[in-house]
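Rule-based calculations on the coordinates, nothing more; no lab input. No experiment lies behind these values; they were computed from the predicted model shown. Using ideal geometry, Cβ is built from the backbone for each residue, glycine included, and neighbour counts are taken over all protein chains shown.
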2 protein chains.
Amino acid sequence: MVDILHRVGVEDASPREVYDALTTTEGLARWWTDDTQGSGEPGGVLEFRFPPVGGFDMEVVDTRADERVSWRVVDGPEEWVGTTIDWDLRQDGDWTIVNFAHRGWREPVEFMHHCSTKWATFLLSLKSLVETGTGSPAPRDTRISDWH
Amino acid sequence: MVDILHRVGVEDASPREVYDALTTTEGLARWWTDDTQGSGEPGGVLEFRFPPVGGFDMEVVDTRADERVSWRVVDGPEEWVGTTIDWDLRQDGDWTIVNFAHRGWREPVEFMHHCSTKWATFLLSLKSLVETGTGSPAPRDTRISDWH
């Protein structure tokens, strides 16, 4: 088992602002992908699409207001199905600290390397959204390679 | 054991150009930190400094021209000492693909989360340097949090 881990700090922001960007389709669409549908409530399924490539369906398995959001991948690339994504939030002075973990990868395949770097760019998009009001969701996301 | 993995593609670039940016102090100083000294040859030690925070000393344990560079951390933060950093390069059409691995972390501590995200930003700095001639080395690196 190998995990993707990341940490960013969002300046002059409350955990609530980050939590809202992780639990509402309006918020998610402003940093990850324009094409976001579904429900960010526990038991709901979020549908993230990246035309024309495909996308991910995430079941929301846990939320704790302003503290934690957990998803489980129920559809998407086979390497992703069954993996889990956890967001842990806390206030630290003027910062909201976001610890991110995408766990349960079976093998450290090249696609996992790609997803690790890509997640970093989306976490910076989330940070930018909350700090400035503007993120970089797909299709305006940061291109990192031939795999986009 | 947990690893940090990343992958970027450098467009319209040869593996040689990326290899040079990983094995010469002039190249390294243009994407990681201005304050780079030492030798990037096998057996050499590279000294990366990030004033006023500290830095890393890396022993160059292996190089294969245009294909692979391996370092071992011999001094720096205790979580880093003894870990290894491998760069694997290959040509794929117009792209040079860079697979990166920072292996041997003993625990998935919060500092590891931070370093994972920070490595992503430095890989994008390396990509930018080779593609455009301009990277973002410290102290002009991307700030991701309260930990810089």
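Relative to the longest principal axis of the Cα atoms of chain A, the long axis of helix A:110-132 makes an angle of roughly 20 degrees.
In this structure, the amide hydrogen of A:GLY44, modeled 1.01 Å from its nitrogen in the peptide plane, lies closer than 5 angstrom to those of A:VAL60, counting only residues at least 5 positions away or on a different chain.
Per residue of peptide B:119-125, the mean number of Cβ atoms on other chains within 10 Å of the residue Cβ is 4.
Which residues' amide hydrogens lie under 5 Å from the amide hydrogen of A:GLY38, considering only partners 5 or more residues apart or on another chain, with H built in the peptide plane? Placed amide hydrogens put A:GLU47 under 5 Å from A:GLY38. Distant-in-sequence amide contacts of B:THR83, defined by a placed amide H-H separation under 5 Å and a gap of 5 or more residues or a different chain, comprise B:VAL73.
Treating each Cα of the protein assembly as shown as one equal point scatterer and applying the Debye formula with no solvent, the log10 of I(q)/I(0) at q = 0.12, 0.15 Å⁻¹ comes out as -0.77, -1.20. Along the Cα-to-C-beta direction of B:ASP66, a point sits 7 Å from the Cα; which residues of the range B:76-96 have their amide N less than 16 Å from that point? The answer is B:88-96. Ranked from shortest, the separations from the 7 Å Cα-to-Cβ label point of A:GLU79 to its equivalents in the other copies are 2.5 nm. Rounded to the nearest 20 debye, the dipole size of the range B:11-148 about its Cα centre is 160 debye, using +1 on the Cβ of Lys and Arg and -1 on the Cβ of Asp and Glu. When chain B is treated as a Gaussian network with alpha carbon springs shorter than 10 Å, the biggest mean-square fluctuation among B:ALA101, B:ALA65, B:ALA29 belongs to B:ALA65. Legend: mean number of C-beta atoms from other chains within 10 angstrom of residue C-beta atoms, peptide B:108-118, equals 6. Considering only B:PRO77, B:PRO137, B:PRO42, the mean-square fluctuation computed in a Gaussian network model of chain B, springs between alpha carbons under 10 angstrom, is largest for B:PRO77. The helix-based estimate of mean residue ellipticity at 222 nm for chain A, built from -39,500 (n - 2.57) per DSSP H run of four or more residues and divided by its residue count, is -7500 deg cm²/dmol to the nearest 500.
For A:ASP92, the point set 7 Å out from Cα toward Cβ sits 3.4 nm from its twins in the other copies, listed from shortest up. By the compact-protein rule of thumb, 2.2 N^0.38 Å, the alpha-carbon radius of gyration of the range B:6-67 corresponds to a ratio of 1.16. Put a plus charge on the Cβ of each Lys and Arg, a minus charge on the Cβ of each Asp and Glu, and nothing anywhere else: the dipole of the protein assembly as shown about its Cα centre is then about 40 debye. The translational diffusion coefficient of the range B:2-132, from Stokes-Einstein at 25 °C and 0.890 mPa s with a Kirkwood hydrodynamic radius over alpha carbon pairs, comes to 166 µm²/s. Of all beta-carbon atoms in chain B, the one sitting closest to the axis that brings chain B onto chain A gives B:ALA120, 2, with the distance in whole angstrom. B:ARG143 label point (Cα plus 7 Å toward Cβ) to equivalent points in the other copies: 3.0 nm, shortest first.
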